[in-house]
1. So for the range 167-186 (the condition being in contact with a Gly (Cβ under 7 Å, 6 or more places away or on another chain), at pLDDT 95 or above and either farther than 16 Å from Arg204 by Cβ or not hydrophobic (A, V, I, L, M, F, W, C) (or both)), does at least one residue qualify?
2. What are the residues in the range 177-206 that are open to solvent by 70 Å² or more (accessible area, probe 1.4 Å), within 19 Å of Glu131 (Cβ to Cβ) and free of Cβ contacts under 8 Å to residues at least 40 places away in the same chain, if any?
3. Tally the residues that are without any contact (Cβ under 8 Å) to a residue 40 or more places away in the chain and either open to solvent by less than 30 Å² (accessible area, probe 1.4 Å) or of a type in the set (Lys, Arg) (or both), restricting the search to the range 160-170.
4. With the requirement that a residue be open to solvent by 70 Å² or more (accessible area, probe 1.4 Å) and of a type in the set (Val, Ile, Thr), what does the range 210-235 give you?
5. Within the range 270-289, is even one residue surrounded by 13 or more Cβ atoms within 10 Å (Cβ to Cβ), at pLDDT below 95 and out of contact with any strand residue (DSSP E or B) (no Cβ under 9 Å at 6 or more places or on another chain)?
6. When you scan the range 187-232, how many residues do you find that are in a loop (DSSP other than H, G, I, E, B), closer than 18 Å to Val256 by Cβ and out of contact with any Ser or Thr (no Cβ under 8 Å at 6 or more places or on another chain)?
7. Cβ-Cβ below 7 Å, separation at least six or inter-chain, first residue in the range 234-260 and more than 19 Å from Asp70 (Cβ to Cβ), second basic (Lys, Arg): which pairs?
8. In the range 109-158, what residues are open to solvent by 20 Å² or more (accessible area, probe 1.4 Å) and part of a helix (DSSP H, G or I)?
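The values are calculated or read from the model by the stated rules, or taken from the named source; none is laboratory data. Not measured: the values here are computed from a predicted model. Cβ coordinates were reconstructed from backbone atoms using ideal geometry, including for glycine residues, and neighbour counts include every protein chain displayed. For accessibility, only protein heavy atoms count, side chains too; no ligands or nucleic acids. Shrake-Rupley method; radii C 1.70, N 1.55, O 1.52, S 1.80 Å.
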Amino acid sequence: MGKAARREARERLKQQRLKEQQKAKRNRVLLVAGAAVVVVAVVVAVGYFVVMRDRSESDVQLPPQALQTDGSVVLAEEGAGAPVLEIYADYQCPACKQFETATGSAVQEMAAAGEVIVHYRPVSIFALRGEPLGTNSLRGGAAARAAADAGKFVEYNDILFENQPAEGEAGFSPEDLKGWGEEVGIDDPAFAERVDAESEVADRFAQDYAPDLLEKAQAEMGGDAVSTMPVTDLIAWGDENGVDSSFLDDTYVLGVLEATGAVNERYSGENAFAGTPSVYLNGAKMGNEMYSASSLRSAVAEAEPGEPDSTPAQDAEGGEDAEGDAGASASPDAKE
């Protein structure tokens, strides 16, 4: 091969390498651009899902919510012939927030569709734990009861869980509790007044009363015996042994404590109350399926119709017969 031929061959190889380099560069650009499109598509899809999910949740038209004489609240369509889902929760309980986050919207949607009668029963499992757990728990529960007076229990229940204090940190301040009431549409000054009054009672209970009661009870009966006593039984023991609980009279804090004691009497055996959240479907305690919206929906769909185990406050105040539609009234043999 002559010198000219070799020079020509080298030039052809040079041009070929240049073309290959340009092609590789174009491919890299296309690959990056394609990946960017995929990322954007994923972000848009996720954003759309979140927006649609939130929109679905916010668009639920809640059915009537009826305050009961024991301070609980029934959420159900008028005349609903449906299973009863009874929910015991403490607003300071992290697992309760997990339950609310996972299934709260599904529960409300089923109630709105007439598929279930929801019976909310706020309790306090942390009442005797002092500061800040005890005060957070009692302030939240009492404020929710005050919101029920204004017909906004369910909305307030949701906002309390959204703003649950981290365990071990002070929270649910009176100012926050009143502000959240305004957010859900409570404009009655009586709500703010009740929140302030109940917060003082909760503080006194957790900071002064409970430590004195526990110290005396443990000295007399021993720690093991005290740890197994329902809180209302312990309060009654205190009244008989020089630990005065009269500051609790006619308060919503006492109502939350009584609800906590009542569930221990209401259920036993395999259905025994052992903490929160405790969810009962027609009186049968549910397991981990309550944390799955789809599993909870399936369980409700397979259950028979039931009736709330309580009496509507409106019926009691009006002196009316307790018979009537589920969600607005209870059966004549309902227990208190």
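1. No, every residue in the range 167-186 fails to be in contact with a Gly (Cβ under 7 Å, 6 or more places away or on another chain), at pLDDT 95 or above and either farther than 16 Å from Arg204 by Cβ or not hydrophobic (A, V, I, L, M, F, W, C) (or both).
2. Result: Glu200, single match.
3. Narrowing the range 160-170 to residues without any contact (Cβ under 8 Å) to a residue 40 or more places away in the chain: 162-163, 166, 168-170.
With either open to solvent by less than 30 Å² (accessible area, probe 1.4 Å) or of a type in the set (Lys, Arg) (or both) added as a condition, the list becomes none.
So the answer is 0.
4. Of everything in the range 210-235, just one residue is open to solvent by 70 Å² or more (accessible area, probe 1.4 Å) and of a type in the set (Val, Ile, Thr), namely Thr228.
5. No, there is no match, as no residue in the range 270-289 is surrounded by 13 or more Cβ atoms within 10 Å (Cβ to Cβ), at pLDDT below 95 and out of contact with any strand residue (DSSP E or B) (no Cβ under 9 Å at 6 or more places or on another chain).
6. The total comes to 1.
7. Asn241/Lys216; Val243/Lys216; Phe247/Arg204
8. Selection gives Glu109, Ala112, Leu128, Arg129, Arg139, Arg145, Asp149, Glu155, Asp158.
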